[in-house]
Every structure is written in structure tokens, then in C-alpha cells.
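Here's the structure we're looking at; comments come further down.
The values are calculated or read from the model by the stated rules, or taken from the named source; none is laboratory data. Keep in mind the model is a prediction, meaning the values are calculated, not measured. A quick note on method: Cβ atoms are made from the backbone with ideal geometry, for glycine too, and the neighbour counts reach across all protein chains shown. Heads up: the accessible areas ignore ligands, DNA and RNA and are worked out on the full protein's heavy atoms, side chains in. Shrake-Rupley method; radii C 1.70, N 1.55, O 1.52, S 1.80 Å.
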Amino acid sequence: AHYQAAHGKFAGRGFKQVTVAVPGLPMQRFRICVGDNPDDVKQWIADRRKKFPRKVVEEQKKPGLSLLDGYGSSSSSENEKA
């Protein structure tokens, strides 16, 4: 009882499961990194990147698409009129 009262629910190091309940929404569970141990932080970051890859990485994986595909005109006749 002393440890939790004096140091808080999320004291220590490693990972802990947190449950968030908001009225009217389904209950959600999160895995959080407790403390600031460099090894724990690196592991947490690696887990996050695996679950939520960056948008750029996802777009690069799609074959045949480039970042500029949406910027061209729909027909070549529009370019000739200008």
C-alpha cells in the first residue's frame, strides 16, 4: 500500500496495461511505457512503429503510385489551350 500511495500507480519501469472507460464508448486498453529507461523506451517506440507505420512508408509500399500522381491534368488538351 505504501509504494502505490507514495509513488503513484504508474511508478517503476517497464510496461503497464491501462484501461480507459468513457461513458458511451467501448472500453479501450493501452500498453504504456512507465519510467524513462532507455531500453524500455526503445522497445515501446519499436512496438508503436510496427503497429502504426508512417504514411510515407505505406505509400512507398504501394506499387505504381508516386507522390505526384494526383497533380497532373486529366487531359493533354487542357495544357495546349493555356
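A few remarks follow.
- Hits in region 20-49 - residues which are charged (D, E, K, R), exposed (fewer than 10 other Cβ atoms within 10 Å of the Cβ) and at pLDDT 85 or above: 29, 39
- Only one of the numbered conditions (1) open to solvent by 100 Å² or more (accessible area, probe 1.4 Å); (2) among the basic types (Lys, Arg); (3) at pLDDT 75 or above is not met by residue 9, and that is (3).
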